[in-house]
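Only one structure is covered here, and it is reproduced in the block below.
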Amino acid sequence: MEKNQYLIFVLPILVSSFAVVSIVTSACVPASAQNITTGKDVLLNYSFIEKWGSFGTGPGQFNRPHDIAFDSMGNVYVSDRDNNRIQKFTHNGTFIKTWGSKGDKNGQFSIPYSIAIDDLDNIYVADRENSRIQKFDTNGTFLAKYGTDGKLDGQFHRPEDVRIEPRTGDIYVTDTYNNRIERFDKNFMFITKWGSKGTADGQFNLPHAIGFDSKGNVYVDELERPGVQIFDKDGKFLRKWGTVGKADGQFSLPQEHLWIDSYDHVYLVDGADNPRIQIFDLNGRFLGKVGTGCLLSTGEGCVDPDGLGPLALGDGQFSKPEHVTIDSEGNMYVVDRGNHRIQVFAPMDDAIVNMK
């Protein structure tokens, strides 16, 4: 496992030559953002610290990994999507165990997508092609399942994200191919739903991911619409921001997942044509970005022949990144799907600017 740390200050004119962390010292505001925060310039800086994983079916290997989540002990769970299993690691990537196989029985998966972990360390997995959510303990023991394929309350059609609102314990699911959000209590009893297919405010074009700010508002991103829509906990539309493009603060489609940290910074994974993590405040003000596409690549992803770097050979470069998650220490974990690995970045500042 690599422990080499690279601190790279990337000027805008050099982005095409260096491949890791961009440092933003002034704000770039998306045209559609509302209620923009004003104030001093922002520095949100990250450096590459380690990576793990490679293509395969063995312990610690992946076939198109999708999501990553942490339990209360700091253990890491990865949905190993095309291997139809969940893998468990220590926080620095040491393999612990795995469970799951292809199928529709209890504990089996057909494309495990997103993972959520509640305050009791119960693990919820969006089992997309089985149109259900499965629940496990930290050892992978099956506990329960929720949902069947359909359009009724509590049913799903190919759900892609499951998230738990930390203040209430309520469980939210992106019922992606029904173009709606469903909300349940901590016992998975149905509470409410909202959304339909369309382009109007409050409608969706394949809702993909959910996040929550410190007030419990719900942020939804979509595969085929840039940026996010913001709702209250009951589904009342509040605002939206985001435009299509490759400039800072814009998005390539299809759009991937999001995460909101304890400072109310929003981390959004850009599409495969412009692979990077972009960081915003709650109103869509651009704060920074991490990563670039491959400078050298093969069909299997970025070229990284020696496993260590230098940066021009793959560290901090992405191929089809899918999920981003921030741990309790502020480290950024990125599921680098096309490279079949996890990459980890550390905040370079002693304290992240609080933009709330």
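The values are calculated or read from the model by the stated rules, or taken from the named source; none is laboratory data. Just so it is clear, the structure is predicted and the values come from calculations on it, not from any experiment. Glycine gets a Cβ as well: all are built from the backbone with ideal geometry, and neighbour counts include every protein chain shown. What goes into the accessible areas is simple: the full protein's heavy atoms, side chains included, and nothing from ligands, DNA or RNA. Shrake-Rupley method; radii C 1.70, N 1.55, O 1.52, S 1.80 Å.
May I ask you to list the residues in the range 218-247 that are of a type in the set (S, T, N, Q) and either open to solvent by less than 30 Å² (accessible area, probe 1.4 Å) or without any contact (Cβ under 8 Å) to a residue 24 or more places away in the chain (or both)?
Scanning the range 218-247 gives a single hit, Gln229.
The single residue among Gly299, Gly309 that is at pLDDT below 80, open to solvent by less than 20 Å² (accessible area, probe 1.4 Å) and out of contact with any His (no Cβ under 8 Å at 6 or more places or on another chain) turns out to be Gly309.
Among the numbered criteria (1) in contact (Cβ under 8 Å) with a residue 24 or more places away in the chain; (2) touching a Leu at 6+ places or on another chain (Cβ under 7 Å); (3) open to solvent by 20 Å² or more (accessible area, probe 1.4 Å), which one does Thr176 miss? The single condition Thr176 does not satisfy is (3). One residue stands out among those in the range 318-339 that are touching a residue at least 40 places away in the same chain (Cβ under 8 Å) and among the acidic types (Asp, Glu): the one that is farthest from Glu50 (Cα to Cα), which is Glu322.
As a summary of the residue check, Lys88 satisfies the conditions (1) more than 19 Å from the chain's Cα centre (by Cα); (2) farther than 27 Å from Val218 by Cα; (3) not small (Gly, Ala, Ser) except for the one numbered (1).
Condition first: surrounded by 13 or more Cβ atoms within 10 Å (Cβ to Cβ) and either polar (S, T, N, Q) or over 26 Å from Tyr77 (Cα atoms) (or both). Now tell me which residues in the range 135-147 satisfy that. Scanning the range 135-147 gives a single hit, Thr138. Which one is most open to solvent (accessible area, probe 1.4 Å) among residues in the range 103-121 that are among the acidic types (Asp, Glu) and over 22 Å from His208 (Cβ atoms)? Taking the candidates together, the pick is Asp119. Within the range 118-134, the residues that satisfy the criterion of being without any contact (Cβ under 8 Å) to a residue 40 or more places away in the chain, closer than 22 Å to Ile96 by Cβ and not in a loop (DSSP other than H, G, I, E, B) are Asp127, Gln134.
The number of residues in the range 253-278 that are of a type in the set (Ser, Thr, Tyr) and either in a loop (DSSP other than H, G, I, E, B) or open to solvent by 10 Å² or more (accessible area, probe 1.4 Å) (or both) comes to 2.
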